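All of the numbers you see were taken from the coordinates with simple rules; none came from a lab. In this text the structure is predicted, and so the values were computed from the model without any measurement. Cβ coordinates were reconstructed from backbone atoms using ideal geometry, including for glycine residues, and neighbour counts include every protein chain displayed.
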Amino acid sequence: MIFLKELKILKTHGIQYINDLSAVNLKGPFRGRPELSENAANDDVVELERFCPVRAIASQPIFSLDMGKCVFCRECQFRKPDIIRFTDDYKIASNSREGLVIRAGDKNTPLIDSAKIRKEIVKIFGKALKLRQVSAGGDNSCEMELNACGNVNFDMGRFGIEFHASPRHCDGIVVTGPVSQNMSEALKLTYEAVPSPKIVILAGVDAISGGLFADSPAIDRSYIDRLHVDLYVPGNPIHPLSFINGISHLLNIRLN
Ligand code: SF4
């Protein structure tokens, strides 16, 4: 009887979590996997190549877009909507750097290469994965989205995936930010504190390539560029669904 009032409140709340995180119909201004036309005129592609502020578009050897560099500003689509468009497909994480490069004509191409997944991480972390987040000069946008992964909507914890404070109690790190000089050493210490085997996830374009700061003398990527990366999650910032679906593909976890 004591809890009757609380139970009534819970009933009025209904189910708040998204039941199937692998089949969400995203609405609104979300920018997901790009599609590039196979019939684009070379002059148009070269124009976009010069126009893109982060050099994510290439005209040679084939019209392509590197999601590991793209800041998803969508200016290229506004300029040439006939040859490039961003879809609402949020399953854009890849376990290889080259997997982030979308080529003209690519549609629904799998971005996770199962042959490259380390067998031991699936075996060990498939039922529970504890992660330490390292904000290495980030602007708090990807960090907020990672936080959202554990909220009542996405409820990543129900799959055994959670963030923890101590790297010694974790199975891997999730890096955000372009890795500033000041954070390079902290990143190294955190990575080394995680017991092996451990996984590395780069979340957001800044962590993957430096993003807008790629040419800045204030960043130092010498250490992170030597790490074996298990998962790249593009976005600026990332979307929780991209992050959770990427891990689920990597570790063969069902999301429904
Ligand atoms: S959306 Fe990406 S590819 Fe297009 S202009 Fe912006 S950064 Fe460049």
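Results, tabulated for the structure shown:
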read-out: Total charge dipole magnitude, the range 108-189, about the Cα centre, Cβ charges on Lys, Arg, Asp, Glu only, Debye to nearest 20; value: 480 debye
read-out: GluC sites (Glu not before Pro) within the range 157-253, DSSP loop, no more than 14 other Cβ atoms inside 10 Å; value: none
read-out: In nm, spacing of pseudo-spin labels at Arg118 and Arg254 (7 Å Cα→C-beta vector); value: 2.7 nm
read-out: Estimated dipole of the chain in Debye, rounded to 20 [Cβ of Lys and Arg +1, of Asp and Glu -1, Cα centre]; value: 940 debye
read-out: Cβ-placed point charges (K, R +1; D, E -1), dipole of the range 114-251 about Cα centre in debye, nearest 20; value: 660 debye
read-out: Cα-based convex hull, the chain, per residue volume (Å³, whole number); value: 147 Å³
read-out: Under DSSP loop assignment and at most 11 Cβ neighbours within 10 Å, longest trypsin sites (Lys or Arg not before Pro)-free interval of the chain; value: 128-253
read-out: Spin-label pair Asp82/Gln181, simplified geometry with 7 Å Cα→Cβ offset, distance in nm; value: 4.8 nm
read-out: Dipole of the range 114-251 [Lys/Arg +1, Asp/Glu -1 at C-beta], most positive-end residue of Val134, Ile117, Phe154; value: Ile117
read-out: The range 1-44: chymotrypsin sites (Phe, Trp or Tyr not before Pro) in DSSP coil with no more than 12 other Cβ atoms inside 10 Å; value: Phe3, Tyr17
read-out: Entries in Lys69/Lys119; Lys8/Lys123; Lys69/Lys116; Lys11/Lys198; Lys119/Lys188 that, when Cα-Cα distance is taken, lie over 31 Å; value: Lys8/Lys123; Lys11/Lys198
read-out: Within straight-line cross-link reach of Lys80, aspartates and glutamates at Cα separation under 14 Å, skipping those fewer than 8 residues along the same chain; value: Glu35, Glu38, Asp43, Asp44, Glu47, Glu49
read-out: Cα-based shape type of the range 1-42, given that a ≥ b ≥ c are square roots of the gyration tensor eigenvalues and the cut on a/c is 1.5; value: prolate
read-out: Cα Rg, Dmax (largest Cα-Cα span) when computed across the range 1-82, Å; value: 22.2, 74
read-out: Integer Hz, Karplus 6.51/-1.76/1.60 couplings in order for the range 55-68, x for Gly and Pro; value: 6, 7, 9, 10, 9, 10, x, 8, 4, 8, 9, 8, 5, x
read-out: Residue-wise HN-Hα coupling along the range 7-23, computed from phi with Karplus coefficients 6.51, -1.76, 1.60 (Hz; x: Gly, Pro); value: 5, 5, 4, 4, 5, 5, 5, x, 8, 9, 7, 7, 5, 10, 6, 9, 9
read-out: 222 nm mean residue ellipticity, helices alone, for the chain (DSSP H n ≥ 4; -39,500 (n - 2.57); rounded to 500); value: -7500 deg cm²/dmol
read-out: Cα gyration tensor shape for the range 52-93, rounded if a/c is under 1.5, else prolate or oblate; value: rounded
read-out: Label zone at Ser216, where the point sits 7 Å out along the Cα-to-Cβ direction: the range 111-140 residues whose backbone N lies under 16 Å; value: 135-140
